[in-house]
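Q: Handing you a structure now.
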Amino acid sequence: MGISMTGDLAGLLGAALERDPSAPALLAPGRPDLDYRGLGDEVARAGAVLHGAGLGPGSRCADPMRTNSPGSRFRMSRRG
């Protein structure tokens with residue numbers, strides 16, 4: 001059974017959280033695994049920070065890509 005890759009990222013994350021919140025979501029050498037529950041928590045925190053800065057759906061922002069920031073896990077981690 002394959003996973004449908006249609007929809008937005010929030011929908012895909014929500015579906016993964018419903019299926020198995022403890023399943024590994026991000027894996028990277030030298031870093032602890034992050035499950036879907038933890039990924040959902042990080043996404044919610046990032047959304048709250050952006051919302052607090054006045055950003056919302058349709059807003060544009062830039063990311064300086066600091067390599068030690070929590071968000072770097074999303075940009076730089078991939079194991080396949």
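Q: Return the total of residues in segment 25-58 being of a type in the set (A, V, I, L, M, F, W, C), in a helix (DSSP H, G or I) and surrounded by 14 or more Cβ atoms within 10 Å (Cβ to Cβ).
A: Of the residues in that region, 2 qualify.
Q: What pairs come out if I take residues in segment 18-30 that are touching a residue at least 12 places away in the same chain (Cβ under 8 Å) and pair them with residues that are small (Gly, Ala, Ser) whose C-beta lies under 6 Å away, six or more apart or interchain?
A: From segment 18-30, the pairs are 26/77; 28/77.
Q: Something else about it: Name the residues in segment 27-80 that are at pLDDT below 60, under 14 Å from the mean Cα position of the chain (by Cα) and within 23 Å of residue 14 (Cβ to Cβ), would you?
A: Residues satisfying the conditions are 70, 71, 73, 74, 75, 77, 78.
The values are calculated or read from the model by the stated rules, or taken from the named source; none is laboratory data. None of these values were measured; they are calculated from a predicted model. In this analysis, Cβ positions are derived from the backbone assuming ideal geometry, glycine residues included, and neighbour counts consider all displayed protein chains.
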